[in-house]
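First the structure, in the form of structure tokens, and then the observations on it.
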Amino acid sequence: MTTRTTRVATALLGGAAALLALAAPAAAAPTGTTGGIDVTAQRLVLEPTGQGYVGTLAATVTNRRPTATSVSLVITEPAGASFATIEPGGACLYDRLVANRLVISCMGDRVEAGGSVTFRLGFHVWTTTRDYPMVADGGRIEVVPDGAARAADATGFTTLFRSTTGSLRKPRPYVQATETDLSIRGGAVALSRQPDGSLLGRMPVTVRYGNDAPTFSLNVEAALPSGVEVHHIEPQDMPSFPNWFTVPGGRFMPGEERTFDVFLSAPAGTPAGDLGTGTFTVAGSYFWGADPQDVDPADNSTSFAVTAVDAS
């Protein structure tokens, strides 16, 4: 499945995750460190919730230099699309992917000479909770002084997923899917004549998210008969456009199905009768130039007949 990886309208999403998903990748950070500022972190423990696992990691930055210094944090998340928040801190940018996990650069805070600041990093892994604990390695934090070209210090951290029974003992490796498992279903739609002569019709559409591959949103391309276009969707929490829209409701849990209404329109003067066949194709949006492939592209599309009917 080939997807469009840039969406101008995604900037309208609001919130850090939506904006960051479109950030162009930056050059890879050097691996060496310069010293003078230290970063330490304990393990991250994720707690099971009704929507995956949620947890907060404390990372402490200590300034051993003789002057106050502002710092940024470069965070390699332990699971794809899991980084959520930083406090205190400012804007973040998604830099690049490492093993299908995002590396995020976040403005940190000012650290006084000889002082320390503890940052609270929030993570949310959208996967099915299990009755056994899990573990993920590969999380990493780098601290970069203001104006520096490379990190002053870095530390790794281990992530534990607490079981639904409350256990952290004998964890199994957490393995996140890398390819999506999406499907979409629709049906024939009849566009009815409106008082102004135009046509409008409603079609229920169901989208299913089959696994925990990381994405931030699902976009649907619409290939429609001449003159027919997407009018709007309901519920609508994102703008829609004549030939594409974003599935409403935000991120999905594995196995979740979501049904919503797509309204199609055609201009006044369109004759009644068969207008042709339309197709909707769903795809995940993750990172610039690296949107995931799907395990079975055949069910990523649904085709449907479009007809126009005059008022009786």
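Remarks
- Looking across V306, V282, V230, one residue alone is among the aliphatic types (A, V, I, L, M), within 21 Å of the chain's Cα centre (by Cα) and not in a loop (DSSP other than H, G, I, E, B). It is V282.
- Single unsatisfied condition, G122 versus (1) over 16 Å from the mean Cα position of the chain (by Cα); (2) within 17 Å of T40 (Cα to Cα): (1)
- Yes/no for S265 being more than 22 Å from S183 (Cβ to Cβ), touching a His at 6+ places or on another chain (Cβ under 8 Å) and of a type outside the set (K, R): yes
- Matching option when the condition is modelled with pLDDT of 95 or more and not assigned by TED's automatic domain parsing to the domain that holds T118, among R162, R208, R140, R130: R208
For every residue, the table says whether it meets (1) buried (at least 21 other Cβ atoms within 10 Å of the Cβ); (2) in the same structural domain as G36 (by TED's automatic domain parsing); (3) at pLDDT 95 or above.
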| position | (1), (2), (3) |
| --- | --- |
| M134 | yes, yes, yes |
| A151 | yes, yes, yes |
| L168 | no, yes, yes |
| G187 | no, no, yes |
| A190 | no, no, yes |
| E221 | no, no, yes |
| S226 | no, no, yes |
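Yes/no per residue for (1) in a strand (DSSP E or B); (2) of a type in the set (S, T, Y):
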{"site": "R120", "(1), (2)": "yes, no"}
{"site": "E142", "(1), (2)": "yes, no"}
{"site": "T155", "(1), (2)": "yes, yes"}
{"site": "T165", "(1), (2)": "no, yes"}
{"site": "I184", "(1), (2)": "yes, no"}
{"site": "G187", "(1), (2)": "no, no"}
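- Meets criteria (over 28 Å from T128 (Cβ atoms) and surrounded by 15 or more Cβ atoms within 10 Å (Cβ to Cβ)) for A266: yes
- A single member of D294, D212, D274, D310 is closer than 25 Å to A99 by Cα and touching a strand residue (DSSP E or B) at 6+ places or on another chain (Cβ under 7 Å), and it is D294.
The values are calculated or read from the model by the stated rules, or taken from the named source; none is laboratory data. None of the values given here were measured: they were computed from a predicted structure. No Cβ is skipped: glycine too gets one built from the backbone with ideal geometry, and neighbour counts run over all protein chains shown.
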